[in-house]
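The structure under discussion appears below in the form of structure tokens.
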Amino acid sequence: MTLMQRARSTVTDEIGAVAKAEGVEPELLRRRVASGRVVIPMNPIHACRPCGIGEGLGVKVNVNIGTSKDLVDVEGELEKARLAMKYGADALMDLSTGGDIDAIRRRIIKEVDIPIGTVPIYQAGLKAARESAVVDMTEDDMFNGIEKHAKDGVDFMTVHCGITRQTVESLKRSQRITDVVSRGGSFLVAWIIHNEQENPLYQNFDYLLDMARKYDFTLSLGDGLRPGCLHDATDRAQVHELITLGELVHRSRRAGVQAMVEGPGHVPMDQIEANVKLEKTVCEGAPFYVLGPLVTDIAPGYDHITGAIGGAIAARAGADFLCYVTPAEHLCLPDKADVLEGLIASKIAAHAADIAAGRGMQRDDRMAQARKDLDWEAMFREAIDPEKARRYRARGHNEDSQGCSMCGDVCAIKIVAEHLKKK
Ligand code: SF4
């Protein structure tokens, strides 16, 4: 039985653990898992730490890592994974496309105890591309790839089932600038156009559900038609795909399979809330996993910032899971420093949204008190990146000063504290 099926009658250990970590009622959480409004991606083969994503829980952050054809440094990817866990990533996706993809995935799964996600269509498409062309990928390639990842213990998988012959027609009729920017989405759009056949992941969705039920992995219903620029945001092609994903969420729940929905992309600030509300309505409250969203197209090198701005707005509107964006987005494969910048930026967005939702200002209060007390060790303990805070404070710091080099001996906190004491 899947976790969702068990949740229909029992507060399972996983649900109990998440309820404790999140400070919510186990019975309430059980109902939300049973109804699909919360997912706990957890393939029993990997047995990761339970992490709840969805309604009434803290906003979660995912980190993407992985090799590319041009950059195959497996140890480097493992270091990124360790760094991501050290700085509080809630989940991690291995998007490797270079080197021995199977071996890399298995090493990363072994290395981390947080939920792992993959996009199996990448491997199927790459195999076909190396033999002839992506569009020669077979249906068996697609499904065998998914089963292989499931057998390895992958907890959630991005599957682009919402790209259908109809949504491709919507795309063809659209006025888009950047058409398709999703790698997996591009494989399937090209496959449908070339083969003039329906997307096997949609056509045989029940078979996919059988596999997900057998291995109890969570479906991350991919938004292959997500907007790759502000101009294309919230257009008919994107919304058409979302409606299809809503149908698939419904079918997944009937089958006892956990499903979340992936979301955009590049979206102007004033359209983000509408995108979230639309997903929550059309997809019956399914957890929403958004990439960014990026609120401008003009900031390459700073897309961790544009993504965090959009992520905060989306999370405030009800999105549940933020896929981080690094400064390397649109430019190159991220290195360790990029991974950290991207993760911290998204963690800030998630935390800010949690505070606005009335969850967890205690840490901020502890930081404020530590600042009041000029208790630097306490400040470093509460900081989202203690090492950076410590490094910055050390810059130009005069050992005799209780404050920092910003104001030196005219430290406002110190001055007022001394005079308030005299009262
Ligand atoms: S020196 Fe200025 S910036 Fe530094 S702790 Fe004091 S008031 Fe704050």
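Details
- Here the extension length gained between Glu111 and Thr178 equals 20.5 nm, from 0.36 nm per residue of separation less the Cα-Cα distance.
- Over segment 74-225, relative contact order from alpha-carbon pairs under 8 Å, at least 6 apart, %: 24 percent
- Area of Lys214 that stays accessible when all protein chains are in place (1.4 Å probe, Å², to 10): 140 Å²
- Computed over segment 361-422: relative contact order in percent, which uses C-alpha pairs under 8 Å that are six or more apart: 21 percent
- Rolling a 1.4 Å probe over the protein heavy atoms gives the chain an accessible area of 44 Å² per residue.
- Net charge contributed by nearby residues that have their C-beta within less than 10 Å of Asp73 (K/R +1, D/E -1): -3
- A cut-off under 11 angstrom between Cβ atoms defines the neighbours of Asp338, and their net charge, with Lys, Arg +1 and Asp, Glu -1, is -2.
- Percent accessible area from carbon and sulfur atoms, the chain, protein chains only, probe 1.4 Å: 53 percent
- Assigned charges on the beta-carbon of Lys, Arg, Asp, Glu; the chain dipole about Cα centre (debye): 1220 debye
- In this simple spin-label approximation, Arg366 and Ala129 carry label points 7 Å from Cα along the Cα→Cβ vector, and these lie 4.5 nm apart.
- For the options Ile104, Ile298, Ile243, a Gaussian network treatment of the chain with springs between C-alpha atoms closer than 10 Å singles out Ile298 as fluctuating the most.
- Extended-chain gain in nm, criterion 0.36 nm per residue less alpha-carbon gap, Arg31 and Glu377: 120.4 nm
- Accessible-area value, Ser174, 1.4 Å probe, nucleic acids and ligands omitted, Å²: 30 Å²
- Gaussian network model of the chain, Cα within-10 Å springs - most flexible of Arg391, Arg30, Arg363: Arg391
- The accessible area of Glu196, taken with all protein chains in place and a 1.4 Å probe, comes to roughly 130 Å².
- Which of Tyr302, Tyr207 is most accessible, then next, and so on - probe 1.4 Å: Tyr302, Tyr207
- Of Asp373, Asp223, Asp90, the residue with the largest accessible area leads and the full order is Asp373, Asp90, Asp223 (1.4 Å probe).
- The angle between the Cα long axis of helix 183-195 and the main principal axis of the chain comes to about 10°, on a 0 to 90 degree scale.
- Separation between Cα centres of segment 241-305 and segment 59-119, rounded to whole Å: 23 Å
- FRET efficiency for Arg82 and Asp409, using Cβ-Cβ distance with R0 set to 45 Å, rounded to 0.05: 0.65
- Degrees between helix 205-215 axis and first principal axis of the chain (Cα, 0 to 90, nearest 10): 50 degrees
- Sites His250 and Ser9, calculated FRET efficiency, Cβ-Cβ separation with R0 22 Å, nearest 0.05: 0.55
- Cα centroid of segment 325-397 to Cα centroid of segment 137-214, whole Å: 37 Å
- Per residue, the chain reaches -16000 deg cm²/dmol at 222 nm when only DSSP H runs of four or more residues are counted, each adding -39500 (n - 2.57).
- Once the Cα atoms are used to define both axes, helix 139-152 deviates from the longest principal axis of the chain by about 40 degrees.
- In terms of accessible area, using a 1.4 Å probe and ignoring ligands and nucleic acids, Trp191, Trp376 rank largest first as Trp376, Trp191.
- Selected from Asp364, Asp113, Asp141 as most flexible by GNM, with the chain as the system and alpha-carbon contacts under 10 Å: Asp364
- Kirkwood hydrodynamic radius (C-alpha pairs) into Stokes-Einstein, the chain, 20 °C and 1.002 mPa s, D in µm²/s: 96 µm²/s
- Prolate/oblate/rounded label for segment 361-422 (Cα gyration tensor, a/c 1.5): oblate
- Calculated FRET efficiency for the pair His419/Arg49, C-beta based, R₀ 60 Å, to 0.05: 0.80
The values are calculated or read from the model by the stated rules, or taken from the named source; none is laboratory data. Computed from a prediction, not measured in an experiment: that's the story for all the values here. Ideal geometry is used to build each Cβ from the backbone, glycine not excepted, and the neighbour counts take in all protein chains shown. Please note that ligands, DNA and RNA were not included when accessible areas were found on the heavy atoms of the full protein model with its side chains. Shrake-Rupley method; radii C 1.70, N 1.55, O 1.52, S 1.80 Å.
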